[in-house]
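*Asks:* Here it is, the structure, as structure tokens.
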Amino acid sequence: MKEMDNNELDALINASLDGSLCEAEAEQLSQWIEESSDARKRYWELASVHGMIEQSMQSASLKAATGEQPVTPVRTDVLSRWRRITSVAAGVAIGVLSASLVWAYTIPLVSQTPREVKEILFESFEDAEVKFPGRFPAIANQWSGSLASVAREDTMPEVSGARVGQFSKLAKSTLSYARYLIDLDEHPRPGNEHVRSVEVEASFFTSNPKERSAFQIRLAAFSQEPAEIRPIWNDHELLFDTVLQHVGRNYVTKANGQSGWHRLRTTIEIPPRTRTVVISLGAGDHKPGAATSDHFVDAVRVHLVDSFDPID
């Protein structure tokens with residue numbers, strides 16, 4: 001293994017967070033993070049500075065991706081399902097050409113098996129009267145967070161309908177968030193011999209493409225019912241010890257880049273004991289404290305995918 005240089009490590013981590021790693025650099029960073037606790041710690045520190053991943057879920061992703069054991073036995077069986085960070089170098093976890101970063105991004109290999117796809121949510125924020133609760137949701141099937149339904153601006157290309165969701169600007173946070181809970185008890189499994197996934201797609205927009213913006217989709221699976229998730233989500237240590245599976249996809253726009261909508265899609269494979277899936281959408285200015293742009297979301301689609309083993 002090439003001896004780790006701290007300056008080079010910092011440069012690679014910053015490049016990964018900006019989505020500018022080449023394949024060889026991704027391989028080197030993957031190796032250092034996998035084999036060095038100091039490298040993992042440094043990644044955590046720099047990712048926090050970038051403000052791209054909340055600390056609690058960031059630590060869960062890193063420990064899952066690097067194979068570290070949890071402090072409670074509840075997650076041992078789950079960690080065996082996560083791909084090691086070496087998959088980053090193969091382009092599965094880091095989109096080196098799409099300016100995105102995905103840690104512990106597990107994609108079920110089901111392209112050759114029969115699939116049942118059911119759309120369980122389509123949201124274009126058309127209800128002008130809706131008021132979104134600011135706190136993390138306590139019940140399923142309801143949006144909460146720093147969000148409001150607003151009329152689509154003339155300078156904004158149409159995605160779906162005449163209205164969109166607008167994120168509030170928060171002075172003390174890089175990203176503003178909107179959350180939604182799925183109660184899987186409302187969607188019984190058709191059988192035990194299959195893989196279940198949740199696919200989420202959303203379109204994001206910035207009013208100021210001259211400056212860099214950050215967009216995010218995070219999905220998390222829990223065995224608890226929806227009413228029990230809020231106190232877990234708000235307690236970093238409890239969250240880390242409780243979450244069954246987590247996927248995060250971040251996208252950072254280029255300065256003076258694309259002026260239209262940016263479409264992101266993320267998939268999470270659902271562990272068998274999952275009761276609740278958290279959908280978290282985030283948007284904000286890439287530089288902390290900039291707060292010069294307005295950010296919007298539209299056309300949120302959620303599909304439940306059941307993939308069955310082929311019949312012999």
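*Asks:* Using beta carbons and a limit of 8 Å, which pairs, at least six apart or on different chains, have the first residue in region 243-265 and at negative phi and the second one acidic (Asp, Glu)?
*Replies:* The qualifying pairs are Gln245/Glu269; Val252/Asp18; Ala255/Glu211; Trp261/Asp298; Arg263/Glu201; Leu264/Glu201; Arg265/Glu199; Arg265/Glu201.
*Asks:* Right, another one. Taking region 204-213 as the region of interest, how many residues are surrounded by fewer than 23 Cβ atoms within 10 Å (Cβ to Cβ) and either of a type in the set (D, E, K, R) or under 18 Å from the mean Cα position of the chain (by Cα) (or both)?
*Replies:* Total meeting the criteria: 3.
*Asks:* Might you let me know whether region 222-230 holds any residue that is over 18 Å from the mean Cα position of the chain (by Cα) and among the hydrophobic types (A, V, I, L, M, F, W, C)?
*Replies:* yes
So that you can scan it fast, the table gives a plain yes or no per residue for (1) touching a Gly at 6+ places or on another chain (Cβ under 6 Å); (2) surrounded by fewer than 16 Cβ atoms within 10 Å (Cβ to Cβ); (3) not charged (D, E, K, R):
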position	(1), (2), (3)
Gly145	no, no, yes
Arg163	no, no, no
Ala202	no, no, yes
Pro231	no, yes, yes
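*Asks:* Shifting gears a bit: Here is a list: Arg152, Arg179. Which entry is closer than 24 Å to Val252 by Cα and modelled with pLDDT of 95 or more?
*Replies:* None of the other options fit; the residue is Arg179.
*Asks:* I've got another one for you. Which pairs do you get when a residue that is touching a residue at least 40 places away in the same chain (Cβ under 8 Å) and within 9 Å of Phe205 (Cβ to Cβ), found in region 153-168, comes within reach of a residue that is among the aromatic types (Phe, Trp, Tyr) and surrounded by 13 or more Cβ atoms within 10 Å (Cβ to Cβ), reach meaning Cβ atoms under 8 angstrom, with the pair 6+ apart or on two chains?
*Replies:* From residues that are touching a residue at least 40 places away in the same chain (Cβ under 8 Å) and within 9 Å of Phe205 (Cβ to Cβ), the pairs are Met156/Phe205; Met156/Phe296; Pro157/Trp261; Val159/Trp261; Val164/Phe125; Val164/Phe205; Val164/Phe296.
*Asks:* Does region 240-253 contain any residue that is in a helix (DSSP H, G or I) and in contact with a helix residue (DSSP H, G or I) (Cβ under 6 Å, 6 or more places away or on another chain)?
*Replies:* Residues of region 240-253 in a helix (DSSP H, G or I): 240-242.
Right, trim to in contact with a helix residue (DSSP H, G or I) (Cβ under 6 Å, 6 or more places away or on another chain) and you get 240, 242.
So far as region 240-253 goes, yes, one or more of its residues are in a helix (DSSP H, G or I) and in contact with a helix residue (DSSP H, G or I) (Cβ under 6 Å, 6 or more places away or on another chain).
*Asks:* Something else now. Hey, any hits in region 26-46 for a residue that's at pLDDT 65 or above, part of a loop (DSSP other than H, G, I, E, B) and of a type outside the set (S, T, N, Q)?
*Replies:* No, that holds for no residue.
*Asks:* If you don't mind, another one. In region 254-272, which residue that is modelled with pLDDT of 90 or more and outside any strand (DSSP E or B) is surrounded by the most Cβ atoms within 10 Å (Cβ to Cβ)?
*Replies:* Checked region 254-272; the qualifying residue surrounded by the most Cβ atoms within 10 Å (Cβ to Cβ) is Ile270.
*Asks:* Looking only at region 184-231, which residues are under 28 Å from Ser16 (Cβ atoms), assigned to a loop (DSSP other than H, G, I, E, B) and out of contact with any Ser or Thr (no Cβ under 8 Å at 6 or more places or on another chain)?
*Replies:* Answer for region 184-231, where residues must be under 28 Å from Ser16 (Cβ atoms), assigned to a loop (DSSP other than H, G, I, E, B) and out of contact with any Ser or Thr (no Cβ under 8 Å at 6 or more places or on another chain): just Lys210.
*Asks:* Another question about this same structure. Inside region 155-176, can you point out the residues that are at pLDDT below 80 and in contact with a Ser or Thr (Cβ under 6 Å, 6 or more places away or on another chain)?
*Replies:* Leu170, the sole residue that qualifies.
The values are calculated or read from the model by the stated rules, or taken from the named source; none is laboratory data. All figures in this text were calculated on a predicted structure; none of them were measured in a lab. Virtual Cβ from ideal backbone geometry, glycine too; neighbours counted across all protein chains shown.
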